[in-house]
Amino acid sequence: MRTRRTGLRKRVGAVAALAVAALTTAGASQATAEQATARPAPATIAPAQAAPATTAPAKAAPGASTSAPVSWTVALGHGGSSAVNVRYAAGALQVRSAGFSPAGERPDQGYGSQVYPAHAVGHPVNRVRVALTATTPASTRVTVDVRGRDGSGAWTEWRAVNAAGSAVLPRVVDAVQARVDLWSHAAAVRVRGLRLTADTTPVAAAAGAVRPAAAESYQVYATREGLVGGTTANGHVIQTNDHFVALPSDRALSPNGSSAYSVTVCGPARCETAPVWDVGPWNTTDDYWNPAGTRQSWTGLAQGMPEAEAAYQSGYNGGQDQFGRSVSNPAGIDLADGTFYNVGLNDNGWVTVTYNWTSGGGAGTKNFPTWGTGVNIHGQANSTSGVVAVLAGPTTVAVQCQVHGQSITYDGITNDGWSYLPAYGGYISNIFINVPQAWLPGVPTC
């Protein structure tokens, strides 16, 4: 073998030291999904209009710069593998089956979703405008969400396009991705065109452009997802002993097979890092981990306080969730069965949750150099899971933890170690970490 190349509100605190457990170990089941619970009808996107030929740049704040608008048309029929109950036919994206609803979705309408490939903009942007051409009969709707990837490979949260047809991202990015969701009780929705224009809004870019060094962490009430055999919002069929979580806002919903948004759940027995593949419990627009200034709903509540918890414990919102249902438990997270039992729960209960994507990559990580070109970062600790990012060449990565996963051999080196990179939401084989050791020194086990 060749020698390795060398070279609480229940807030637990911004720098809480948490043992971390990986989503996947050798032999663990591989769920690849998200679930959506019903969400309220959003503001209607403004009727499609052609992107203007020229756009006057916003007046720059002192020290800020603007960038020229970049426009592109999304190929609606080329969404890749992240399609849920949709088809492209007769020049339109449409719901495949009006009878389909995800396991957690209210069954009053057919649901479909498509995540499109990211588009490299070529320079920093933080605002996306949308021109949508769609047919939406009564009781149907279409929503568009966008997110961005910055130079470190980290994604912003998803942001819904507002009634004016635009969304401002929480920080400057250089690649943009779109997600289209459809609800149609009679398969009558037709999306015929989607054109995006990205530019920079200096004032918005200055606010919230820097993430905190350590991820937000809170104690919340966890319930067991169950629903084995049901289908989640990205088309995954929930398996026995699955490992993923649901949060009550699709702002942190990972695409199919991705760990772009993951949490570390610490229960009575141990911790586990698992991807966010589902939406719920109770609400679908409650990103309670965000501060009031950016929180999607319930901005009067303290950061880290789920609306369901406030409703259950103190009668907030009349003791109801966003759909008018009486809240019967204070849950702020659902755990798939494998995650639920692995962290040591036998019944619903309180857990400590760290929302890993909210970190700027500071506390809780250790930097290492990499080697090689075209190195894949996978959604799970194996080479068969989805590729969430590619390292074009040698660079430095921030490692949070490592796990024994699939054993692979490359360039005469064999290793089963995989390191979790929170900035990318995925795992890199330890083969490509440029240190002599097969198991990284000073890095905890996931």
Item to check | Unit charges at the beta carbon, dipole of segment 276-348: most positive-side option, Asn317, Phe340, Trp282 | outcome: Asn317
Checklist entry - How would you order 276-282, 90-96 from highest to lowest mean count of nearby Cβ atoms within 10 Å? => result 276-282, 90-96
Checklist entry - Which whole-angstrom value gives the distance between the alpha carbon centres of segment 213-250 and segment 86-145? => result 22 Å
Item to check | Coordinate range along principal axes, alpha carbons of segment 70-206, Å, largest first | outcome: 44, 30, 29
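Rule-based calculations on the coordinates, nothing more; no lab input. What you are looking at is a predicted structure, and each value in this text was computed from that prediction instead of being measured. A quick note on method: Cβ atoms are made from the backbone with ideal geometry, for glycine too, and the neighbour counts reach across all protein chains shown.
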